[in-house]
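S.K.: Below is the structure I would like to discuss, written out as structure tokens.
The values are calculated or read from the model by the stated rules, or taken from the named source; none is laboratory data. Model, not experiment: these values are computed from the prediction. Cβ placement follows ideal geometry from the backbone for every residue including glycine, while neighbour counts extend to all protein chains displayed.
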Amino acid sequence: MKTIFALLLACGSYTVGYAQPINLSFLLAEMYDGNSPYSPDHVVFSKQWTTGKGENKTEYAVIAVKTSESDCHACAARLDGALFRKDRYTEGGWQRSRFRRDFAVTGGFNEPGEISLMKLSDDEYGIRIDAGYTGQGYTVTGTAIFYPEMEFERIAAFQTSEDNSGACDPPERKCFGYSTKITTVSGQKEPETGFYDLKLVISGTNSDFKLMNRTLYYRYNGLVYDRK
């Protein structure tokens, strides 16, 4: 079994990732109330972004820390997450605003998959994790989206691909496989939250050898993404 990764990085017009690197040691101390059991080597994802200008400028930083140790083939990675903010009112630099232990248990071989920042609205970002596995010739991948401002709650999860390329042998054993491309649609927003709709474009055949070619839309209902 091996971990399969797919990466989609969706960044908007805001600044994402400053040239000045994040001080991970400082953020880890803030994250765990001054007594972090983890070093910067445990940080598997970190990103910064900015909203507003002048006196209204707010800086954000998010980090994900891998807390698990076992690297067996079926061992998923366990992640803690923290969101920090800095503006003209915060004293002493970054301040932790959100924190959650084990917000994600994902991947295999103690590797979490690919983690990226995904723009969910004009001024909100989510954490996207793409991960999967291969076993006995079958490969499956999935995507999960977490919202840091809501204590890193998972607001969307999809199985994005499946195939039997390592087990099929035509014509006796047919091959199947499909894949999914996930994007946000900034022109379609949920009226109350302003969150963008998600667009899923699916192509290929499923395990019943039926065509899966279709496009689906999901809208944020304030808690999770529902199919429209």
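S.K.: What are the residues in segment 182-211 that are hydrophobic (A, V, I, L, M, F, W, C) and crowded, with 17+ Cβ neighbours inside 10 Å, if any?
M.R.: I182, F195, L198, L200, I202, listed by residue number.
S.K.: So, in segment 178-219, exactly how many residues are in a loop (DSSP other than H, G, I, E, B), charged (D, E, K, R) and farther than 25 Å from I127 by Cβ?
M.R.: Adding up the residues that qualify gives 2.
S.K.: So, one more: Can you find, within segment 119-173, the residue that is modelled with the lowest pLDDT among those that are more than 17 Å from the chain's Cα centre (by Cα) and among the polar types (S, T, N, Q)?
M.R.: So the residue we want is T134.
S.K.: For the structure I just gave you, tell me whether Y89 is surrounded by 14 or more Cβ atoms within 10 Å (Cβ to Cβ) and over 29 Å from F109 (Cβ atoms).
M.R.: no
S.K.: Go through (1) small (G, A, S); (2) in contact with a Lys or Arg (Cβ under 8 Å, 6 or more places away or on another chain); (3) within 26 Å of F26 (Cβ to Cβ); (4) surrounded by 16 or more Cβ atoms within 10 Å (Cβ to Cβ) one by one and return the number of the condition S97 breaks.
M.R.: Exception for S97: condition (4).
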